[in-house]
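The values are calculated or read from the model by the stated rules, or taken from the named source; none is laboratory data. None of these values were measured; they are calculated from a predicted model. Backbone-built Cβ (ideal geometry, glycine too); neighbour counts: all protein chains shown.
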């Protein structure tokens with residue numbers, strides 16, 4: 001048993017189904033051939049009738065027991081063992097690829113088989129053949145597979161794969177049977193979901209939260225969308241539960257109105273306090289401005305950032321801050337903790353905010369928000385660890401025209417930029433690099449800035465390593481015409497007058513990143529344009545991107561074009577890729593696996 005544990009460790013597997021999913025790469029079949037098949041491996045009963053040495057090679061002539069035909073074989077690497085083995089008159093079962101030359105049967109370098117009628121699976125793992133075979137023999141049984149929650153068809157498929165009685169059971173026209181692949185997809189999804197579910201740990205909440213949202217809703221100068229209302233209702237149900245602290249992730253597309261969901265959550269938490277952590281001071285400031293604007297006047301809001309505080313945070317009902325919050329001597333007791341753009345924080349940072357306001361084993365309700373749409377398939381997976389809400393629609397129609405352009409379109413682009421600036425609109429130009437590089441066939445930010453600064457007024461420049469980027473973005477928001485930047489503006493800043501974005505070297509970026517960048521324009525319903533500038537002919541990926549505006553569809557495209565894109569990268573915890581499951585296509589399979597899991601646990 002201890003030895004098996006060590007082998008499991010070597011294989012980096014944790015469950016019985018992990019083992020069952022290590023499928024054979026091929027089989028060694030010693031069943032006697034019933035007929036002669038040219039060009040294929042045959043297993044034949046023979047008798048040696050002649051042998052001779054020619055140029056260091058051994059030539060053996062066999063008589064086929066079944067048909068009486070002659071077959072000649074040549075052995076190139078010869079040892080005394082071969083001469084002894086193939087003595088005239090000796091009988092064998094030989095295996096090798098059967099060919100025909102001028103009417104004569106030939107088999108080059110055949111193997112003499114000791115055990116007939118056995119099919120041995122071959123596995124490719126870090127273990128020795130004998131070790132993996134022993135593990136499969138020991139653990140993969142019908143009963144064990146039924147105990148994992150598989151049905152009879154799935155159990156039979158896995159048993160056929162590991163212990164086939166004939167090759168026809170497993171292969172059809174030389175490939176694995178289609179129905180076997182369908183089963184392997186399901187088992188892979190089911191096993192992964194089962195492992196995720198095992199990792200979820202729930203804690204009791206500090207308290208149930210039952211505040212009313214009506215005072216906020218009545219003040220709003222617009223109506224919430226159907227999806228916003230649905231997500232708010234889900235959160236309302238979460239927060240009223242005292243036995244289980246909420247763990248929810250709200251994923252909204254660019255401009256889907258997540259801020260309103262945040263503010264509604266603050267209202268539900270009253271009279272208890274809420275804390276929200278944002279990744280940059282710019283986002284924190286923006287949320288603070290919106291909270292002050294929309295929350296009823298009786299709700300006290302405070303802002304905590306490095307070197308800047310507004311409002312008395314110990315007294316406030318809603319505290320918004322950057323990770324500077326984590327270094328405060330004391331934080332008030334908060335029953336609701338929220339994190340915006342959660343993927344920008346490390347797991348430790350997210351957890352430490354939660355821990356700061358926990359009491360014993362009681363935890364605050366915890367909601368994370370993300371503006372990076374994820375494929376529905378991933379949302380289904382993630383929801384085993386935490387509850388997931390998707391907001392896929394926007395509060396108003398965003399009219400953004402996306403086009404691929406090249407060098408020849410540059411004069412027209414300049415004209416368009418001048419027209420937008422004349423209407424008090426703003427323009428954003430994204431460069432792939434800050435400084436010149438021989439690796440990248442595009443001008444860098446530094447090389448191009450002279451051109452724009454000479455031709456236009458109010459040109460602002462910033463990039464990822466710029467210590468003052470947040471001040472530059474704020475100044476640009478108020479006074480700028482053109483902003484030259486790298487992808488630093490990807491997340492979150494609201495620039496209401498921005499109507500035109502040019503992305504230089506667009507083919508170099510993932511679709512998710514392009515979508516985030518495009519999300520900077522047209523935030524307030526102004527007609528807007530996104531130009532993808534490239535020196536290369538627009539590829540299928542970019543063409544499809546120009547025709548798709550929904551972030552969740554983009555995430556699915558990203559999976560399709562990039563072997564899981566920069567979202568999921570198709571890996572399971574231990575880093576192995578899904579072997580059978582295709583995250584961009586197999587939504588129905590994951591759905592079935594989730595339903596089965598609910599029945600089985």
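Quick check: anything in the range 160-172 modelled with pLDDT of 90 or more and closer than 26 Å to residue 588 by Cβ?
yes
From the list 22, 113, which residue is surrounded by 15 or more Cβ atoms within 10 Å (Cβ to Cβ) and more than 46 Å from the chain's Cα centre (by Cα)?
Values: 22 fails: more than 46 Å from the chain's Cα centre (by Cα).
The unique qualifying residue is 113.
For every residue, the table says whether it meets (1) touching a strand residue (DSSP E or B) at 6+ places or on another chain (Cβ under 9 Å); (2) surrounded by 12 or more Cβ atoms within 10 Å (Cβ to Cβ).
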{"residue": "30", "(1), (2)": "yes, yes"}
{"residue": "39", "(1), (2)": "yes, no"}
{"residue": "42", "(1), (2)": "yes, yes"}
{"residue": "51", "(1), (2)": "yes, yes"}
{"residue": "55", "(1), (2)": "no, no"}
{"residue": "62", "(1), (2)": "yes, yes"}
{"residue": "65", "(1), (2)": "yes, yes"}
{"residue": "70", "(1), (2)": "yes, yes"}
{"residue": "87", "(1), (2)": "yes, no"}
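Only one residue in 291, 316, 284 is in the same structural domain as residue 387 (by TED's automatic domain parsing) and over 18 Å from residue 209 (Cβ atoms). Which one?
Numbers: 291 fails: over 18 Å from residue 209 (Cβ atoms); 316 fails: over 18 Å from residue 209 (Cβ atoms).
Only one candidate qualifies: 284.
Determine whether the range 388-408 contains at least one residue that is at positive phi and at pLDDT 80 or above. Steps first, answer last, please.
From the range 388-408, those at positive phi are none; that's our starting set.
Looking through the range 388-408, none of the residues is at positive phi and at pLDDT 80 or above.
Residue 594 - would you say it is under 20 Å from the mean Cα position of the chain (by Cα), at pLDDT 85 or above, assigned to a helix (DSSP H, G or I) and surrounded by 14 or more Cβ atoms within 10 Å (Cβ to Cβ)? Full working, then the answer.
Details: under 20 Å from the mean Cα position of the chain (by Cα): yes; at pLDDT 85 or above: yes; assigned to a helix (DSSP H, G or I): yes; surrounded by 14 or more Cβ atoms within 10 Å (Cβ to Cβ): yes.
Judged against the criteria, residue 594 is a match.
Among residues belonging to the range 163-204 that are surrounded by 14 or more Cβ atoms within 10 Å (Cβ to Cβ) and in contact with a strand residue (DSSP E or B) (Cβ under 6 Å, 6 or more places away or on another chain), point out the one that is nearest to residue 119 (Cα to Cα).
Looking at the filtered set, the residue picked out is 164.
Could you please find all residues in the range 421-433 being in a loop (DSSP other than H, G, I, E, B) and surrounded by 17 or more Cβ atoms within 10 Å (Cβ to Cβ)?
The first filter runs over the range 421-433 and keeps only residues in a loop (DSSP other than H, G, I, E, B), leaving 423-425, 431-433.
Correct list: 425, 431, 432, 433.
Of all residues in the range 434-447, how many are closer than 18 Å to residue 507 by Cα and in a helix (DSSP H, G or I)?
Keep residues of the range 434-447 that are closer than 18 Å to residue 507 by Cα, which gives 434, 437-445.
Narrowing the set further to residues that are in a helix (DSSP H, G or I) leaves 445.
Number satisfying all stated conditions: 1.
Of (1) surrounded by fewer than 20 Cβ atoms within 10 Å (Cβ to Cβ); (2) free of Cβ contacts under 8 Å to residues at least 40 places away in the same chain, residue 157 satisfies all except one. Which?
Just one mismatch for residue 157, condition (1).
What about residue 427, is it touching a helix residue (DSSP H, G or I) at 6+ places or on another chain (Cβ under 8 Å) and at pLDDT below 95?
On the way: touching a helix residue (DSSP H, G or I) at 6+ places or on another chain (Cβ under 8 Å): yes; at pLDDT below 95: no.
So residue 427 fails the test.
Among what's in the range 230-279 and is assigned to a strand (DSSP E or B) and under 24 Å from the mean Cα position of the chain (by Cα), pick the residue that is nearest to residue 377 (Cα to Cα). First the steps, then the outcome.
As a first pass, look at the range 230-279 and keep what is assigned to a strand (DSSP E or B): 247-252, 273-277.
Imposing the further condition that a residue be under 24 Å from the mean Cα position of the chain (by Cα) reduces the set to 247-252.
On the way: 247: 19, 248: 17, 249: 15, 250: 15, 251: 13, 252: 15 Å.
Looking at residues that are assigned to a strand (DSSP E or B) and under 24 Å from the mean Cα position of the chain (by Cα), I get 251.
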